[in-house]
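Reading through the structure tokens given below for one structure.
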């Protein structure tokens with residue numbers, strides 16, 4: 001497994017955020033979890049990257065994925081050789 005740069009902008013109350021993190025955990029993908037509720041700067045960073053306010057926002061080595069979109073997540077993880 002490649003330790004590429006995977007970041008998820010999330011909040012503790014967000015069900016889809018938990019689903020996305022559980023999915024990455026199941027795949028064995030390491031990621032940085034940034035809580036947008038705890039830091040307004042992180043919320044602004046998420047909006048700048050995604051162009052909208054919804055979460056989760058996943059940054060997989062520069063590929064921005066909005067929401068828990070498994071096909072897009074899988075494609076980005078494979079494209080960056082994070083998973084096979």
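The values are calculated or read from the model by the stated rules, or taken from the named source; none is laboratory data. The shown structure was predicted, so the numbers you read here are calculated from the model rather than taken from an experiment. Because the Cβ atoms are built from the backbone with ideal geometry, glycine has one as well, and the counts that use them run over all protein chains shown.
Might you check whether a residue that is farther than 17 Å from residue 69 by Cα, at pLDDT below 95, over 9 Å from the mean Cα position of the chain (by Cα) and surrounded by fewer than 13 Cβ atoms within 10 Å (Cβ to Cβ) occurs anywhere in region 13-25? Give the derivation first.
Restricting attention to region 13-25, the residues satisfying the condition of being farther than 17 Å from residue 69 by Cα are 13.
Those still in the list that are at pLDDT below 95 too: none.
Within region 13-25, none of the residues are farther than 17 Å from residue 69 by Cα, at pLDDT below 95, over 9 Å from the mean Cα position of the chain (by Cα) and surrounded by fewer than 13 Cβ atoms within 10 Å (Cβ to Cβ).
For region 1-23, how many residues are in a helix (DSSP H, G or I) and either over 16 Å from residue 76 (Cα atoms) or touching a residue at least 40 places away in the same chain (Cβ under 8 Å) (or both)?
First pass over region 1-23, keeping only residues in a helix (DSSP H, G or I): 15-23.
Okay, now just the ones that are also either over 16 Å from residue 76 (Cα atoms) or touching a residue at least 40 places away in the same chain (Cβ under 8 Å) (or both), so 15-20, 22-23.
Final tally of qualifying residues: 8.
Look through 39, 69 and report the one residue that is without any contact (Cβ under 8 Å) to a residue 40 or more places away in the chain and either touching a helix residue (DSSP H, G or I) at 6+ places or on another chain (Cβ under 6 Å) or within 18 Å of residue 13 (Cβ to Cβ) (or both).
Details: 69 fails: either touching a helix residue (DSSP H, G or I) at 6+ places or on another chain (Cβ under 6 Å) or within 18 Å of residue 13 (Cβ to Cβ) (or both).
Of the residues listed, the single one that is without any contact (Cβ under 8 Å) to a residue 40 or more places away in the chain and either touching a helix residue (DSSP H, G or I) at 6+ places or on another chain (Cβ under 6 Å) or within 18 Å of residue 13 (Cβ to Cβ) (or both) is 39.
Which residues, counting only those in region 26-41, are crowded, with 16+ Cβ neighbours inside 10 Å, over 10 Å from the mean Cα position of the chain (by Cα) and under 18 Å from residue 78 (Cα atoms)?
Once the filter is applied, which keeps residues that are crowded, with 16+ Cβ neighbours inside 10 Å, over 10 Å from the mean Cα position of the chain (by Cα) and under 18 Å from residue 78 (Cα atoms), region 26-41 yields only 29.
Does residue 68 satisfy the criteria of being in a loop (DSSP other than H, G, I, E, B), at negative phi and under 11 Å from the mean Cα position of the chain (by Cα)? Walk me through how you get there before you give the answer.
On the way: in a loop (DSSP other than H, G, I, E, B): yes; at negative phi: yes; under 11 Å from the mean Cα position of the chain (by Cα): yes.
When the stated conditions are applied, residue 68 passes them.
Answer yes or no as to whether residue 81 is part of a loop (DSSP other than H, G, I, E, B), touching a residue at least 40 places away in the same chain (Cβ under 8 Å) and surrounded by fewer than 16 Cβ atoms within 10 Å (Cβ to Cβ). Spell out the reasoning first.
Details: part of a loop (DSSP other than H, G, I, E, B): yes; touching a residue at least 40 places away in the same chain (Cβ under 8 Å): yes; surrounded by fewer than 16 Cβ atoms within 10 Å (Cβ to Cβ): yes.
Yes: the conditions hold for residue 81.
Which of the residues spanning region 42-58 are outside any helix (DSSP H, G or I), surrounded by 13 or more Cβ atoms within 10 Å (Cβ to Cβ) and without any contact (Cβ under 8 Å) to a residue 24 or more places away in the chain? Steps first, answer last, please.
Residues of region 42-58 that are outside any helix (DSSP H, G or I), as a first pass: 51-58.
Next, from what is left, pick out any that are surrounded by 13 or more Cβ atoms within 10 Å (Cβ to Cβ): 54-58.
The answer is 54, and nothing else.
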